[in-house]
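Enquirer: Quick one: this structure, given as structure tokens, is what I'll be asking you about.
The values are calculated or read from the model by the stated rules, or taken from the named source; none is laboratory data. Just so it is clear, the model here is predicted, and its values are computed rather than measured. Glycine also receives a Cβ, built like all others from the backbone with ideal geometry; neighbour counts cover every protein chain displayed.
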Amino acid sequence: MPHWTQIVAEKQQRQLKSIPQEWLVSPPPDSTLDVTGFPETCGLLSAREIEITNTSTDVLLEKLASGEWTSVDVTTAFYKRAIIAHQLVNCLTEIFVDRALVRAAELDDHLKKTGKVVGPLHGLPISLKDQLCIKGLETTVGYVSWIGQYAEKNAVLVDILIECGAVPFVRTNVPQTIMWGETYNYIFGRTTNPYNRSLTTSGSSGGEAALIALKGSPLGVGSDLGGSIRRPSAFCGLYGLRPSYGRVPYCGAVNSLEGQDSSPSVFGPMTSSIGGLKTFMKAVVNAKPWLKDPLVVRKQWDEDEYNLVDHGSGKNLCFGIMWDDGVVVPHPPIKRALEMTKAALEKAGHKVIDWKPIKHKLLGDVTRDVFNAGTVEDLMMVTSGTGEPIISTMELDGSEPLLRTGGITAYQLWQLQKLRRDTRKEYLDHWEVTASETGTGRPVDAIICPAAPYVAHPHGKSWYRHYTMVWNALDYPASIFPVTTVDPTLDARIPSHEFYDDFDKKVYDMYDDPETFKNAPVCLQLVGRTLEEEAVIKMTEIVDAALLA
């Protein structure tokens, strides 16, 4: 077998050849940190293509359904912008232009002949995280050892998206193993943040987030095991949704830690326009995915739930706002975003009360320990095929090892799972008793909280993931919505104070110079109850509208 570096070199050459040469541009120098404006000024996109790629998902679908815009034109526009994005931030893995354009032409032909759309996503280009298998393509998940393994069939979700009329057109970069909160692997390299290329996109859906932030895709699919949809969405200024287990099909996709089903990974949408969340979820769940994936919950889109029938029909909602989780205090930009959101909601006539977190450290630690129970053996089994090293740090220098434990017994794992189960019951009861504080006769309708204690940061400093991981442990659906961007004047460093512990101080010290984070997006998280995706989407729309008012 060739040395693993030779395998990588050959794969990189194949990727380069998949890019149309006429779409190559001269990217700005590395010293240009904010590249969000480059796609529209580089000269590759026409005025019409700029218009198309700046259009929201809902409007795109309307124009595609009416025939005003063809799928070939829309797919080409986004493809060109995706290739520009890739040259700026290194966000793509699989590029299959001809295949996508053939699919788009078929959809245009169908509409022209029948006057009808194929489905609710007719003609829409959709990007996919490099876990979702597409027949005839490799899916590496950042592993050199999986280069050369071509999928014999599509993942179930890919089949459903195609049935709904979508055009899969690129796949996006992930960290090796997808177990990192950042995006780097030996095959495709590091994905950087379009708002500041010295900062991370987070992970593991970092390629997806960077692509959508540069409007190289209107709607993408990420996955979330402990925050991998939400943190990249938050770091790149997007809307994202982590659904509950079993709401979106996972069958046929590849993953690390397969067989770990105590706290499984889920797929969900990532988008630059809020309508994309509803569009994706409604299309997928109405396709009856439980007939193709035995682990999917049999629950179609619930319009009553979306209209918040169980939440006072959306009038006079009461949100719980979590200023910190009792473990790590967020940086000043996050606190300002929480204050802005509270003020906007109160101005819109809603009530906001403080949310008192319970056992967040326990829930995060238990979930991490469940993941770590077999991580070493799993990763070693995969990488043994080529002898590729397992990445030990996302830092540009220094070390923060991924592999922390050597495994535990089955009995020890059961005890962790039992503790998590019992704590879920405690949290349910804790939520229920808030009915005595809301003044609505109902418990808190949703929780608003940070997605991380920090915004996008320098590489290798993704130290704390419990702000998202807790909700995976509880299986609560959670969305991400943008609020503002870092302003070093408004978000000045606060004086040193009493800390929860040394780790809290370590995170505080990370914000030593606000200029480092200038212009980084600041997003927050909205959390609902298990399988309450429709309500979470609607309440996110309500919060978004209040912030924009």
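Enquirer: Might you let me know whether segment 36-55 holds any residue that is touching a residue at least 40 places away in the same chain (Cβ under 8 Å), of a type in the set (D, E, K, R) and surrounded by fewer than 20 Cβ atoms within 10 Å (Cβ to Cβ)? Steps first, please.
Expert: Initially, segment 36-55 is screened for residues touching a residue at least 40 places away in the same chain (Cβ under 8 Å), giving 36, 38-39, 42, 44, 53-55.
Checking which are of a type in the set (D, E, K, R) leaves us with none.
So far as segment 36-55 goes, no, none of its residues is touching a residue at least 40 places away in the same chain (Cβ under 8 Å), of a type in the set (D, E, K, R) and surrounded by fewer than 20 Cβ atoms within 10 Å (Cβ to Cβ).
Enquirer: Of these, Phe481, Phe517, which one is in contact (Cβ under 8 Å) with a residue 12 or more places away in the chain and either farther than 30 Å from Gly314 by Cα or of a type in the set (Lys, Arg) (or both)? Break it down stepwise before answering.
Expert: Working: Phe481 fails: either farther than 30 Å from Gly314 by Cα or of a type in the set (Lys, Arg) (or both).
It is Phe517.
Enquirer: Taking the options Gly326, Gly314, Gly275, name whichever one is in the same structural domain as Arg230 (by TED's automatic domain parsing), over 30 Å from Met380 (Cβ atoms), touching a residue at least 60 places away in the same chain (Cβ under 8 Å) and surrounded by fewer than 20 Cβ atoms within 10 Å (Cβ to Cβ). Explain how you work it out, then say what you get.
Expert: On the way: Gly326 fails: in the same structural domain as Arg230 (by TED's automatic domain parsing); Gly314 fails: in the same structural domain as Arg230 (by TED's automatic domain parsing).
When all the criteria are applied, what remains is Gly275.
Enquirer: Tally the residues that are assigned to a loop (DSSP other than H, G, I, E, B), farther than 27 Å from Leu345 by Cβ and charged (D, E, K, R), restricting the search to segment 460-511.
Expert: Total meeting the criteria: 4.
Enquirer: For segment 11-35, which residues satisfy the criterion of being among the hydroxyl-bearing types (Ser, Thr, Tyr) and surrounded by 11 or more Cβ atoms within 10 Å (Cβ to Cβ)?
Expert: So in segment 11-35, the residues among the hydroxyl-bearing types (Ser, Thr, Tyr) come out as 18, 26, 31-32.
Scanning segment 11-35 gives Ser18, Thr32.
Enquirer: Can you tell me how many residues in segment 337-360 are among the aliphatic types (A, V, I, L, M) and assigned to a helix (DSSP H, G or I)? If you could, list the steps in order and put the result at the bottom.
Expert: Residues of segment 337-360 that are among the aliphatic types (A, V, I, L, M), as a first pass: 337-338, 340, 343-345, 348, 352-353, 358.
Subset that is assigned to a helix (DSSP H, G or I): 337-338, 340, 343-345.
The number of residues fulfilling the criteria is 6.
Enquirer: Mind listing just one residue for me: the one in segment 524-546 that is touching a Pro at 6+ places or on another chain (Cβ under 8 Å) and hydrophobic (A, V, I, L, M, F, W, C) and, of those, farthest from Leu345 (Cα to Cα)?
Expert: Here the answer is Leu531.
Enquirer: Of the residues in segment 198-241, how many are within 8 Å of the chain's Cα centre (by Cα) and assigned to a strand (DSSP E or B)?
Expert: Total meeting the criteria: 6.
Enquirer: Among the residues of segment 535-545, is any surrounded by 18 or more Cβ atoms within 10 Å (Cβ to Cβ), under 30 Å from Asp369 (Cα atoms), modelled with pLDDT of 95 or more and of a type outside the set (Gly, Ala, Ser)? Break it down into steps so the answer makes sense when it comes.
Expert: Initial filter on segment 535-545 (surrounded by 18 or more Cβ atoms within 10 Å (Cβ to Cβ)): 535-544.
With the extra rule that they be under 30 Å from Asp369 (Cα atoms), the set shrinks to 536.
Remaining after also requiring modelled with pLDDT of 95 or more: 536.
With the extra rule that they be of a type outside the set (Gly, Ala, Ser), the set shrinks to 536.
Within segment 535-545, one or more residues are surrounded by 18 or more Cβ atoms within 10 Å (Cβ to Cβ), under 30 Å from Asp369 (Cα atoms), modelled with pLDDT of 95 or more and of a type outside the set (Gly, Ala, Ser).
Enquirer: When the residues of segment 346-355 are filtered to those that are surrounded by fewer than 20 Cβ atoms within 10 Å (Cβ to Cβ) and out of contact with any helix residue (DSSP H, G or I) (no Cβ under 8 Å at 6 or more places or on another chain), which remaining residue is nearest to Gln412 (Cα to Cα)? Give the steps one after another, and end with the answer.
Expert: Applying the first criterion (surrounded by fewer than 20 Cβ atoms within 10 Å (Cβ to Cβ)) to segment 346-355 yields 346-349, 351-354.
Then drop every residue that is not out of contact with any helix residue (DSSP H, G or I) (no Cβ under 8 Å at 6 or more places or on another chain), which leaves 346, 349, 354.
On the way: Glu346: 47, Gly349: 49, Asp354: 36 Å.
Checking each candidate, the answer is Asp354.
Enquirer: So if I check each of Ser256, Ser244, Ser262, which one is touching a Phe, Trp or Tyr at 6+ places or on another chain (Cβ under 8 Å) and part of a loop (DSSP other than H, G, I, E, B)? Can you show your working first?
Expert: Details: Ser256 fails: touching a Phe, Trp or Tyr at 6+ places or on another chain (Cβ under 8 Å); Ser262 fails: touching a Phe, Trp or Tyr at 6+ places or on another chain (Cβ under 8 Å).
Result of the check over Ser256, Ser244, Ser262: Ser244.
Enquirer: Name the residue that is surrounded by the most Cβ atoms within 10 Å (Cβ to Cβ), counting only residues in segment 69-103 that are without any contact (Cβ under 8 Å) to a residue 60 or more places away in the chain and not in a helix (DSSP H, G or I).
Expert: Applying the filter and picking the extreme gives Trp69.
Enquirer: Surrounded by 18 or more Cβ atoms within 10 Å (Cβ to Cβ) and touching a strand residue (DSSP E or B) at 6+ places or on another chain (Cβ under 7 Å): does that describe Tyr511?
Expert: On the way: surrounded by 18 or more Cβ atoms within 10 Å (Cβ to Cβ): yes; touching a strand residue (DSSP E or B) at 6+ places or on another chain (Cβ under 7 Å): no.
Judged against the criteria, Tyr511 is not a match.
Enquirer: If we keep just the residues of segment 1-37 that are closer than 13 Å to Gly148 by Cα and in a loop (DSSP other than H, G, I, E, B), which is modelled with the lowest pLDDT?
Expert: In this case the residue turns out to be Met1.
Enquirer: Right, something else. Just name the residue that is nearest to Arg424 (Cα to Cα) out of those in segment 475-506 that are of a type in the set (A, V, I, L, M, F, W, C) and surrounded by 22 or more Cβ atoms within 10 Å (Cβ to Cβ). Give the steps one after another, and end with the answer.
Expert: Restricting attention to segment 475-506, the residues satisfying the condition of being of a type in the set (A, V, I, L, M, F, W, C) are 478, 480-481, 483, 486, 490, 492, 494, 499, 503.
Imposing the further condition that a residue be surrounded by 22 or more Cβ atoms within 10 Å (Cβ to Cβ) reduces the set to 478, 480-481, 483, 486.
Values: Ala478: 16, Ile480: 22, Phe481: 25, Val483: 30, Val486: 35 Å.
Step by step, filter segment 475-506, then rank; the result is Ala478.
Enquirer: How do the pairs read when you match residues in segment 332-360 that are more than 11 Å from Ile321 (Cβ to Cβ) and in contact (Cβ under 8 Å) with a residue 40 or more places away in the chain with residues anywhere that are acidic (Asp, Glu) and surrounded by fewer than 16 Cβ atoms within 10 Å (Cβ to Cβ), using Cβ under 9 Å and keeping only pairs 6 or more apart or on different chains?
Expert: Between residues of segment 332-360 that are more than 11 Å from Ile321 (Cβ to Cβ) and in contact (Cβ under 8 Å) with a residue 40 or more places away in the chain and residues that are acidic (Asp, Glu) and surrounded by fewer than 16 Cβ atoms within 10 Å (Cβ to Cβ), the close pairs are Ile358/Glu426; Lys359/Glu426.
Enquirer: Can I ask one more? Mind checking which residues of segment 520-549 are more than 21 Å from Asp325 (Cα to Cα), within 20 Å of the chain's Cα centre (by Cα) and part of a loop (DSSP other than H, G, I, E, B)?
Expert: Ala520, Leu531, Glu532
Enquirer: Still on this structure, I have one more. Taking segment 213-272 only, how many residues are small (Gly, Ala, Ser), without any contact (Cβ under 8 Å) to a residue 60 or more places away in the chain and closer than 30 Å to Gly37 by Cα?
Expert: So the answer is 2.
Enquirer: Kindly indicate whether Ser198 is within 19 Å of Val89 (Cβ to Cβ) and either surrounded by fewer than 24 Cβ atoms within 10 Å (Cβ to Cβ) or free of Cβ contacts under 8 Å to residues at least 12 places away in the same chain (or both).
Expert: Numbers: within 19 Å of Val89 (Cβ to Cβ): yes; either surrounded by fewer than 24 Cβ atoms within 10 Å (Cβ to Cβ) or free of Cβ contacts under 8 Å to residues at least 12 places away in the same chain (or both): yes.
Yes, satisfied.
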